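Chemist: Below you will find the structure I want to go over with you.
Every read-out reported here was derived from the displayed coordinates using simple, explicitly stated rules and does not represent laboratory data. Fair warning: this is a prediction, and the values are worked out from it, not measured in the lab. Backbone-built Cβ (ideal geometry, glycine too); neighbour counts: all protein chains shown.
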């Protein structure tokens, strides 16, 4: 029986590609990701290899790091992905 479940890594990529930021606490509660820093490291090598996305960070007021995935070609993309991995038109 085939399953249509997404990996934690794919869920994080889909979430960040929507322009939202993610802290380690949010990643743990939303997606069950225990080590967001390691997950981001894996994602960074994947999404930055062709120059379409870049991972950026900012420090929150409480000292936590919030991660973002920025589109390097804004305005040219005609689609995005929702949290379930479904492609949609922008």
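Chemist: Quick one: pull the percentage of alpha-carbon pairs in the chain with a separation above 24 Å. The partial results should precede the final answer.
Modeler: Working: 778 of 4005 pairs.
Tail of the P(r) past 24 Å holds 19 percent of the pairs.
Chemist: Still on this structure, I have one more. Which residues in segment 4-42 place their backbone N less than 17 Å from a point set 7 Å from the Cα of residue 56 along the Cα-to-Cβ direction?
Modeler: Backbone N within reach: 16-23.
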